[in-house]
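The values are calculated or read from the model by the stated rules, or taken from the named source; none is laboratory data. Note that the structure is predicted; figures quoted are calculated from it, not measured. Cβ coordinates were reconstructed from backbone atoms using ideal geometry, including for glycine residues, and neighbour counts include every protein chain displayed. Just the protein is used for accessible areas: all its heavy atoms, side chains included, with ligands, DNA and RNA removed. Shrake-Rupley method; radii C 1.70, N 1.55, O 1.52, S 1.80 Å.
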Amino acid sequence: YRPKYPDRIIDVLRMDVPIGPNCRVVDVGSGTGCASELWIKHGCEVIGIEPDHSMRSIAEERLHQYPLFRSVPATADAIPLSNDSANVVMAATAYQWFDSQRTRNEFCRIVKPGGTILLLWNSRRKRTSPFAVEYESLVEEFTVDYDIRPRIDAASNEMRAKCLYGAR
């Protein structure tokens with residue numbers, strides 16, 4: 001039930017990432033494969049890292065027609081890939097669930113020098129209509145641990161500092 005990720009992400013990254021046949025993306029916390037599919041459709045090899053069997057099974061079923069997709073049962077802090085093996089290491093609406101220190105070490109370990117670590121979250125326009133305002137009010141009232149924005153900002157800043165200044 002989550003929204004898909006817009007193709008615009010690829011357009012923005014195209015200047016810095018070799019998108020296409022020479023691009024390997026590791027989608028950590030790949031879930032049902034929504035973000036993986038975006039990259040596959042642009043010719044990238046994608047390795048989905050997902051510990052939950054049911055979610056991984058959905059991704060494997062959804063993406064079985066794409067030979068560029070491979071699914072691996074693993075966690076964000078123990079990725080079974082070699083050092084410097086990915087052009088892009090990505091977590092799409094998942095990083096807030098990981099052990100941040102151990103995950104940062106893994107991301108920095110597997111990303112190639114000059115590669116990209118991408119943390120994505122979908123957000124919605126919360127105050128654009130009376131319906132949106134009321135919906136947001138209900139979500140805030142009835143959802144545990146709803147406000148993840150501080151964790152998102154902290155994760156982004158920590159990842160940037162860790163990998164830019166000596167990740168290993």
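Tally up the residues in segment 103-116 that are open to solvent by 30 Å² or more (accessible area, probe 1.4 Å) and within 14 Å of C23 (Cβ to Cβ), please.
Number of matching residues: 3.
Which of the following residues is part of a strand (DSSP E or B) and open to solvent by 80 Å² or more (accessible area, probe 1.4 Å): R70, R125? Talk me through it step by step, then tell me what you get.
Working: R125 fails: part of a strand (DSSP E or B).
Selected residue: R70, the only one of R70, R125 that is part of a strand (DSSP E or B) and open to solvent by 80 Å² or more (accessible area, probe 1.4 Å).
Restricting the search to segment 87-97, which residues are closer than 14 Å to L120 by Cα, outside any helix (DSSP H, G or I) and not hydroxyl-bearing (S, T, Y)? Give the steps one after another, and end with the answer.
Step one: list which residues in segment 87-97 are closer than 14 Å to L120 by Cα, which gives 88-97.
Next cut, outside any helix (DSSP H, G or I) only: 88-94.
Correct list: V88, V89, M90, A91, A92, A94.
Which one of these is within 26 Å of P6 (Cα to Cα) and in contact (Cβ under 8 Å) with a residue 60 or more places away in the chain: A132, A86?
Values: A132 fails: in contact (Cβ under 8 Å) with a residue 60 or more places away in the chain.
One residue alone meets the criteria, A86.
For segment 1-37, what are the residues that are at pLDDT 90 or above, among the hydrophobic types (A, V, I, L, M, F, W, C) and open to solvent by 20 Å² or more (accessible area, probe 1.4 Å)?
Within segment 1-37, I19, C34 qualify.
For the subset of segment 1-24 comprising residues that are touching a residue at least 40 places away in the same chain (Cβ under 8 Å) and among the aliphatic types (A, V, I, L, M), which member is nearest to A35 (Cα to Cα)?
Quick first cut of segment 1-24, residues touching a residue at least 40 places away in the same chain (Cβ under 8 Å) only: 2-3, 5, 9, 13, 16-18, 22-24.
Narrowing further to those that are among the aliphatic types (A, V, I, L, M): 9, 13, 17.
Working: I9: 10, L13: 14, V17: 16 Å.
Filtering segment 1-24 for residues that are touching a residue at least 40 places away in the same chain (Cβ under 8 Å) and among the aliphatic types (A, V, I, L, M), the one nearest to A35 (Cα to Cα) comes out as I9.
Can you pull out the residues in segment 20-71 that are touching a Pro at 6+ places or on another chain (Cβ under 7 Å) and of a type in the set (G, A, S)?
The one that is touching a Pro at 6+ places or on another chain (Cβ under 7 Å) and of a type in the set (G, A, S): G43.
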